[in-house]
Amino acid sequence: MKHIAVVGAGISGVTTAYSLLQRGYQVTVLDRNRYAAMMTSFANGGQLSASNAEVWTQFSTVLKGIRWMFKRDAPLLINPRPDWHKYSWMAEFVGNIPNYESNTIESTRLAIAARQHLFDWASRENIDFDHEARGIMHICVDKHGFEHGQRVNELLARGGLERHSVTPDEMRAIEPALSGDLYGGFYTESDSTGDIHKYTRGLAQACQRKGGKFLFDVRVQKLSSENGKVQITYYADVDYTVECDTFDGVVI
Ligand SMILES: Cc1cc2nc3c(=O)[nH]c(=O)nc-3n(C[C@H](O)[C@H](O)[C@H](O)COP(=O)(O)OP(=O)(O)OC[C@H]3O[C@@H](n4cnc5c(N)ncnc54)[C@H](O)[C@@H]3O)c2cc1C
């Protein structure tokens, strides 16, 4: 049986570990925190959505990013300090703008498949993650936003997602708490919401039931390869003891 190491016990690492265990691999997950899902997968918007599969590689995102640099309450802030990794990433981002349509269609297809896996695993492993299967609605406050949403809808449909437009009255019927001026919106019935932390913790326990091993409080420091094997050097955050283990493969 091949032994695979997974670095990171967030939603990415734990779902990877679960898939590998299902395929018959021996799996060890390493994380520097004491429990699974204590970093980005601790709390998020809670959306299990395919309706947000539109990729960000558009000129309007670049303009927004520049404008946000001068706003105190920017939702995403770019530090302009020179850094090779950051600027090469930005160049890749801009280089992918011509692929906006094809990437959005492919992301939609992937999101639908990922969402289905998450639902199936939760029901198979009995994971209680405050799941609310009541759809997700996008709200447009002006004509420009609504027309952009209609163009996105066409791409989402090509990726296999049904997201339909709704009038302000239909929106208030779906969500009576809505108030203010609404231009229109889009509703995706197949989307839902849930607690990512509870989900990841529950799936980590399912992995353990399937024989997966979790090493917590360990910080991975170095990876090296020799004779087709991977050597992982890590140290325990508690007493700084350094360990080195060998695996057949690694997923980061
Ligand atoms: C504000 C916000 C809202 C969001 N809303 C949504 C949403 O509604 N729906 C959605 O689908 N996505 C949403 N996202 C995105 C989503 O939450 C993340 O993409 C996801 O949680 C990332 O999971 P991850 O496993 O890749 O990373 P993480 O959860 O951050 O896991 C990485 C793990 O690696 C470990 N680690 C790192 N370095 C080392 C090391 N050297 N040694 C050992 N361990 C290490 C960390 O301890 C951590 O546990 C949101 C993100 C943010 C920030």
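Throughout, read-outs are computed from the coordinates displayed, never taken from laboratory work. Just so it is clear, the structure is predicted and the values come from calculations on it, not from any experiment. FYI the Cβ positions are ideal-geometry reconstructions off the backbone, even for glycines, and counts take in every protein chain you see.
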Problem - Cβ-placed point charges (K, R +1; D, E -1), dipole of the range 75-176 about Cα centre in debye, nearest 20 - result: 280
Completion exercise
Over the chain, the sum of -39500 (n - 2.57) across DSSP H runs of at least four, divided by residue number and rounded to 500 deg cm²/dmol, gives at 222 nm -12000 deg cm²/dmol
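Taking the number of other C-beta atoms within 10 Å as the exposure measure, put 238, 62 in order starting with the fewest. Provide the component values of the computation, followed by the final result.
Details: 238 9, 62 15.
Listing 238, 62 from fewest to most nearby Cβ atoms yields 238, 62.
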Completion exercise
Counting only residues 5 or more apart in sequence or on a different chain, those whose built amide H sits under 5 Å from that of residue 37 are 9, 10
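Name the trypsin sites (Lys or Arg not before Pro) in the range 2-48 that are in a loop by DSSP and that have at most 11 other C-beta atoms within 10 Å, would you? Please list the in-between numbers first.
Details: sites: 2, 23, 32, 34; in loops: 2, 23, 32, 34.
Taking the range 2-48 and a limit of 11 other Cβ atoms within 10 Å, the loop trypsin sites (Lys or Arg not before Pro) found are 23, 34.
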Problem - Proximal lysines relative to residue 64, as straight alpha-carbon distance under 28 Å, when same-chain residues fewer than 8 apart are discounted - result: 86, 143
Practice task
For the range 16-23, just list the computed ³J(HN,Hα) in residue order, Karplus coefficients 6.51, -1.76 and 1.60, θ = phi - 60°, integers in Hz, with x standing in for Gly and Pro.
Solution key: 5, 4, 4, 4, 5, 4, 5, 8
Exercise for the section: Pairs of Cα atoms under 8 Å, at least six residues apart: use those to get the relative contact order of the range 31-127, whole percent. Expected result: 41
Handout entry: All-pairs Cα distance distribution in the range 98-208, expressed in whole percent, bin size 10 Å
Key = 13, 35, 31, 19, 3, 0
Practice task
Straight distance only, please: which lysines reach the Cα of residue 210 with their own Cα at less than 21 Å, same-chain residues fewer than 8 apart left out?
Solution key: 2, 198
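Can you sort 246, 108 so the residue with the fewest Cβ neighbours within 10 Å comes first? If you can, show how the numbers build up before the last one.
Numbers: 246 14, 108 25.
Final ranking by Cβ density, sparse to dense: 246, 108.
Quick check: from the Cα gyration tensor, does the range 117-178 come out rounded (a/c under 1.5), prolate or oblate? Write out the running numbers ahead of the final one.
On the way: a/c = 3.48, a/b = 1.58, b/c = 2.20.
In terms of gyration-tensor shape, oblate.
For residue 35 and residue 181, what does the FRET efficiency come to when R0 = 45 Å and r is the distance between their Cβ atoms, rounded to the nearest 0.05?
Working: r = 44 Å, r/R0 = 0.98.
Given R0 = 45 Å and the Cβ-Cβ separation, E is 0.55.
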Completion exercise
The whole-number value in µm²/s of the Stokes-Einstein translational diffusion coefficient for the range 201-252, with Rh from the Kirkwood sum over alpha carbon pairs at 10 °C and 1.306 mPa s, is 128
Handout entry: Rg/Rh (Cα only; Kirkwood hydrodynamic radius) as it applies to the chain
Key = 1.02
Exercise for the section: Pop out the ³J(HN,Hα) list for the range 38-43 in order, Karplus 6.51 cos²θ - 1.76 cosθ + 1.60 with θ = phi - 60°, rounded to Hz; leave Gly and Pro as x. Expected result: 10, 10, 4, 7, 7, 7
